[in-house]
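Asks: Got a structure for you, written out below as structure tokens; questions coming shortly.
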Amino acid sequence: MDVLGFHFQDTVIVAGFFAATLVPALVGIVLGAIFKSNKVANVVASLCIVSCAVSVSTYPLWHLGLALEYTLPIPSAIGEYRLAIDQLTACMISFSSVIFMLIVVHVVKSTSDSGCRYSALLNALFLACFSCMSADSVLVLLFSWELVTLTTFLLSKKGNNDHARWMFFAIAHLGGMVLICAYSFMASVAGTQVLSQWDGLSSALGHWTSMALIMAIVMGFGTKLGLIPFHAWMPDLYATAPIHTATLLSTVCSNVAILMVFKTVFSYIGITAALTPIAFAIVIIAVATALWGALESLVQREPKKLLAYSSMENMALVVLCMALGIIYIVESPALAKLVLVAGLLHTLNHSVFKSLMLMSIDTVEDCTGEKNIGRMGGLSRTLPALSAVAIIGILAMAAVPPTNGFVSEWLMIQSLMGADLESKGMSLVIPLILAAVGICGMMMAASYARLYGFIFLGRPRSEAMENPRPMKRGTILPLALLAALCLGMGLFAMTIMDVLAASIVSLIGMPPSPGYRSVMSGELLPLVLGTAVVATVAVLYWASKRGAQPEREVPTWSCGEDLDENMQYSSIGFTQPLVKVFHPFYGDTTVVRETKDSKVRTVIIEFVEPFVKYLYKPLGALLTGISERIGKTQTGNIQTYFAYVLITLVVTLLAVRVF
């Protein structure tokens, strides 16, 4: 009787959890659709915060032993709407909910993107992300993923940015159609649409079909991760959409995509030795994407576009880790655990430091009105609090210890350096991958140095930068919390790594021993490393102060001229050597602009995304031409339409007769 009582109590708690997570967001959607007042908009956003706060408890509830499974009480002829949360899903949901909540708090505090419609769509996006991660039926998964695309498309409206929005929608919808085909086919093979009953379908699918499905899954979700050639929407949308939309796309939506790729490839399909060739193909795509993202980030003039290519590079590294996991898992399960932990940890870390930097850059633009790095500078004196949180985000993105970005990238390097597999091809491939990762790291570090240096350091390069508006009250709070997470997740990374390793083992069904630490070349102690770094900096600071000479104020030598903002290194000058070296890849063109009286000429270099110029524009022109030709057949003449019907019937009858 006690057992039945406990079972009933657990069922009530689980039902209450799902209700408390879903209902506030649903109410927020309804209120946002009915009302238009700004006061109601804050209420609607607050309901989203409530849903996020409840969702944060997902992992603690799973840890208590509750079976987080729920079937929505909605009748359907297709099948049940099932939700089920395993350990890895619980971890990703809890963490993503924290990020989502802080972003919505920034929406309320900054009021830059506020409004009932926007707040209602935030609630819809949260529901879509939560249901997609916890989906236990194909119907819920596909519907939720399409809802993610639709809501982000609607959330991205700002001014006249329809070109960027529709490019995103077209590419993301293409990925969605690929996923619909892939999951529908797997459901037909499995004989059920319940995802928790899919386990190792590769044995039933066959090697070639499994490889095709893995590529379809990676490319389908990769349309939102920015994998080549589906990244073309990212720079323009990040630059023109409301910043909170871009932040959610880069962080929470990317977390959803990575989780679903991982679960589908490693659990639903399952890995065998015969799937190694497709892993090598994904490695090539991931490396090419990372290199291209790092290369393009070096020459971007708008900070948000630079961060868009940064997201592209980071997500490519995560996909690279998953591809290496497919290769490692057969010969070295411990090494596979290490590289998969690195990939999943980097996914979480990326969502923290990228949300911090995107919202920090938006605050810079909001306070100054400047969007060109070349006209920025000197904000560390006028906005010191923003400068302090931004430097932490920059250090995390550049993988500088003891931040969280350092830990996950260090694990990636460990998984590459520790690879000692029997395959002869790996002895050639691994050094090349290691070199590519190193090159990406160096180029991205240069990009991040340029980003911070030309915004916060030096002299102001415009009047707006010299006298910025004060930050809106409360906007620094979520940024400070994200900066604290960058440091905390770096110092206490071992706990997160152990949770992720246990989640991988339970989901894939791998033996817990040997553990991922057995293949590491050295013990990672982030807290000790962080303490040592802080102590070293403190000692150097103390030593410099102790031996410092009395301060003197003297004029800076300037060849007899007064110093101004032009007497310092420019953003264009910083990137010019790199442009010269990588000129063939950038597709850059030199443009001469003249004033009306033709007395002043300005020579600038414009960069065009080659994938847009040589792939998407010709493809768009082809489709437009086909549409116009088809349109000419619609004359509006009833006799013409009857002729079409007659021709169709004759052709059909002849085909039936022949075949």
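Each value in this text was obtained by applying a stated rule to the coordinates, not by laboratory testing. Model, not experiment: these values are computed from the prediction. Please note: Cβ atoms are built from the backbone with ideal geometry, for glycine as well, and neighbour counts cover all protein chains shown.
Asks: Note the full-extension length gain between residue 553 and residue 212 as 0.36 nm times their separation in residues minus their Cα-Cα distance, in nm to one decimal.
Replies: 115.8 nm
Asks: So, one more: What is the distance, in nm, between label points placed 7 Å from the Cα along the Cα-to-Cβ direction at residue 174 and at residue 10?
Replies: It is 4.7 nm.
Asks: A further question on this structure: Exposure proxy check: 296, 146 ranked by fewest other beta carbons within 10 Å?
Replies: 146, 296
Asks: Given a Förster distance of 45 angstrom, what is the FRET efficiency for residue 30 paired with residue 487, based on the Cβ-Cβ distance and rounded to 0.05?
Replies: My answer for the efficiency is 0.70.
Asks: I've got another one for you. What does the charge add up to near residue 82, with Lys and Arg as +1, Asp and Glu as -1, over the other residues with Cβ less than 10 Å from its Cβ?
Replies: Net charge around residue 82: -3.
Asks: If Lys and Arg each add +1 and Asp and Glu each add -1, what is the summed charge of the other residues whose beta carbon sits under 10 Å from the beta carbon of residue 157?
Replies: So the environment of residue 157 carries a net charge of +2.
Asks: Please give the Cα centre distance for segment 227-268 versus segment 282-334, rounded to the nearest Å.
Replies: Here the two parts' Cα centres lie 13 Å apart.
Asks: Be a star and scan segment 48-72 for residues whose amide nitrogen sits under 20 Å from the point 7 Å along the Cα-to-Cβ vector of residue 192.
Replies: Counting only backbone N, you get 67-72.
Asks: Can you sort 183, 238, 614 from fewest to most other Cβ atoms within 10 Å of each residue's own Cβ?
Replies: 614, 183, 238
Asks: Measure out, as a whole number of angstrom, how far apart the alpha-carbon centroids of segment 171-195 and segment 74-132 sit.
Replies: Cα centroid of segment 171-195 versus Cα centroid of segment 74-132: 22 Å apart.
Asks: For the chain, with the dipole built from +1 on Lys and Arg beta-carbon atoms and -1 on Asp and Glu ones, taken about the Cα centre, which of 298, 612, 139 lies farthest toward the positive end?
Replies: My answer, from the dipole projection, is 612.
Asks: Evaluate the distance, in nm, between pseudo-label points positioned 7 Å from the Cα of residue 518 and of residue 371 along their respective Cα→Cβ axes.
Replies: 5.5
Asks: Treat each spin label as a single point 7 Å out from the Cα along the C-beta direction, and report the residue 413 to residue 63 distance in nm.
Replies: Taking the simple label geometry, residue 413 and residue 63 are separated by 3.1 nm.
Asks: Tell me the net charge near residue 44. Cut-off is 12 Å between Cβ atoms, residue 44 excluded, with +1 for each Lys or Arg and -1 for each Asp or Glu.
Replies: Summing Lys/Arg as +1 and Asp/Glu as -1 gives +3.
Asks: Which Cα, out of 441, 79, 43, lies furthest along the positive dipole direction of the chain (beta carbon charges, K/R +1, D/E -1)?
Replies: It is 43, whose Cα lies furthest towards the positive end.
Asks: Ranked by Cβ crowding within 10 angstrom, fewest neighbours first, how are 151, 247, 192 ordered?
Replies: The fewest-first ordering by Cβ neighbours comes to 192, 151, 247.
Asks: For the chain, give the magnitude of the charge dipole about the Cα centre (Cβ charges: +1 Lys/Arg, -1 Asp/Glu; no others), in debye to the nearest 20.
Replies: Using Cβ point charges on Lys, Arg, Asp and Glu, the chain gives about 1260 debye.
Asks: While we're looking at this one, here's another question. Given the pairs 337/613; 371/617; 472/617; 224/371; 337/617; 36/617, which span a C-alpha to C-alpha distance of over 32 angstrom in this model?
Replies: Over 32 Å apart, Cα to Cα: 337/613; 472/617; 337/617; 36/617.
Asks: Against the empirical 2.2 N^0.38 Å scaling, what ratio does the C-alpha Rg of segment 615-658 come to?
Replies: Relative to the rule-of-thumb radius for its length, segment 615-658 sits at 1.67.
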